[in-house]
Amino acid sequence: MVRTDAEVEGKTDAQPAAPRSAYIHVPFCRHRCGYCNFTLVAKRDDLIGDYLRALERELSWLESPRTIDTLFIGGGTPTYLLPADLARMLQIVHRWFPAAPGAEISLEANPSDITAEKLAILRDHGVNRLSLGVQSFDAAKLQLLERDHDAETARRHARQALDAGFVVAIDLIFGVPDETRSIWQRDLEAALQLQPHHLSTYGLTWEKGTAFWSRRVRGDLTPLSEDEEAGCYEMAIDHLLEAGFEHYEVSNFARPGFACRHNQAYWNGLPYFAAGPGAARFVDGRRETNHRSVTAYLNRVLSGHSPVFESEQLGAEDAARERMVFGLRQIAGIHRGDFHRETGFDLEELGGAALESFLAHRLLQWQDQQLQLTRAGLLVSDSIWGHFLRR
C-alpha cells in the first residue's frame, strides 16, 4: 500500500544515516569541449587561489571532520591543477573527509594532464582510482569532440596509471555525428587492449547552451539516428560482456570487484556530502545544489555566505520515487521486499499504470523478486524515468 508522507515519517523514530560519501567539484579546464555543460571555467588560473580558499572555508562549515567510505573528485578537470595546487586541494579535502580503511578515493583525470609527478601526489594523498576522460581513440572523432589529446597520449598515460597501481576507469562516448559502428568497435577494442578495471560508455548528449547545441540548430552537426545509436550501445554491451566485464548499471561496466562504489551510493539512495561550485549534496533528506557560476560561488563563500542556490526537502514519496528510478538504472534492479522495508512503499502501487504498461511491453520484468530493465528497456531507459518521478 502507498502511504502518505506523514504516515511513513511517523512510523519510525530512526535517525537518517550519516553520509559516508562525498563529492568535490574542481571547476578548472584548459578548454570547454563543445558538448560539455558541466560547471567549469577555462583558462582562469587566476581563480585557483580563491577556489582553494573557498573550498577550505565551505568545508570548515562542517565543523568537524567526517569519515568517508567513498570520495569522488570531479570537474572540470582536477588534474588541470599545477602539482602544488593539486596537493593543496587534496590536503584540504582529506582534512575534512578522512578516509576509512579500504575507502575508494576517485579522481577524474584528463589523459594529457597526467605526469609522474602528479600520479605520485595523488598516491601520496590516498587517491586509488582514476577516471580517465579518454572519450575516443579515433583521431577524427577526438577532433570533433574538441579533445586535447590523441590516441597515443591516452594509451601511454593509461598504462602509466595502471603501472603505478591505480584502479583505472576509462570513459568513452558513442553516437558522435558521422560515427560508424566500425569506428565505435575500434574504440572498444582499443580500450580493452589497455586492460582497465572499469569502462563507462555514454551516448553523446545535446545540451542547450553548449556549442554543439548551437551547431545542431544551425545544421552544422547532425545527430546519429536512434537506431544507429542503439546499435552502438548494444555493441558495447556484447563486446564488454564477452571480455569479462559485468554490466552493472545502464552506462557502466566493470571487471568483477571493481564497480564504482561511490556511484553505487548515489544509485542506492544513500546520503552524501558535496562541496565546490555546482556541487549537489543529499543530507538528512535535503537535496542542495551550489551556485553553478564559479565566480558567484567564490564571492558568496569568501564573503561568509552560503553557496547554496537550490534546496529541497524531499518528502517520503518523492524520495521513494527517486530511489525507484536510481535503483532501476542498476542492472540487478530493485528487490521488492527490500524496497518496501527501506521506503515504506510498494513498487507496484508506486509505479501504478506506468509500471503495468512497461511490464506489458517487456521494457521491465520481474526476475523472482527483482524488478529490472529488459534488454529492450535498456535501449529506451531515459524515456522511462519520468513516468515514475511523477505522482
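Coordinate-derived values only; no laboratory data. None of these values were measured; they are calculated from a predicted model. Because the Cβ atoms are built from the backbone with ideal geometry, glycine has one as well, and the counts that use them run over all protein chains shown.
One table, with the values for the structure above:
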{"quantity": "The range 291-297 - phi-based ³J(HN,Hα) in whole Hz, Karplus 6.51/-1.76/1.60, Gly and Pro as x", "calculated": "3, 6, 5, 4, 5, 5, 4"}
{"quantity": "Chain lengthening between Arg66 and Asp46 when straightened (0.36 nm per residue, less Cα-Cα)", "calculated": "4.2 nm"}
{"quantity": "Cβ crowding within 10 Å averaged over residues, with 293-303, 37-47 ranked highest first", "calculated": "293-303, 37-47"}
{"quantity": "Among beta bridges that DSSP assigns inside the range 17-267, antiparallel share in %, nearest 5", "calculated": "20 percent"}
{"quantity": "Around Pro78: net Lys/Arg minus Asp/Glu count, Cβ-Cβ under 11 Å", "calculated": "-2"}
{"quantity": "Relative contact order computed over the range 320-389 (Cα-Cα under 8 Å; 6+ residues apart), in percent", "calculated": "38 percent"}
{"quantity": "Label-point gap, in nm, between Thr295 and Gln365 - each point 7 angstrom along Cα→Cβ", "calculated": "5.4 nm"}
{"quantity": "Cβ-based net charge around Gly133, under 11 Å, with every Lys or Arg adding one and every Asp or Glu removing one", "calculated": "-3"}
{"quantity": "Local electrostatic count at Val283 - Lys and Arg +1, Asp and Glu -1, tallied over other residues with Cβ under 15 Å", "calculated": "-2"}
{"quantity": "Spin-label model distance (nm) - His305 vs Gln91, 7 Å beyond Cα toward Cβ", "calculated": "3.1 nm"}
{"quantity": "Length released on extending from Arg341 to Glu207, taking residue separation times 0.36 nm less the Cα-Cα span", "calculated": "44.5 nm"}
{"quantity": "Inter-site label distance for Ser225 and Glu349 at 7 Å from Cα along Cβ, in nm", "calculated": "4.6 nm"}
{"quantity": "The range 17-267, relative contact order [Cα under 8 Å, separation at least 6], %", "calculated": "17 percent"}
{"quantity": "The range 17-267, dipole about Cα centre (Lys/Arg Cβ +1, Asp/Glu Cβ -1), debye to the nearest 20", "calculated": "780 debye"}
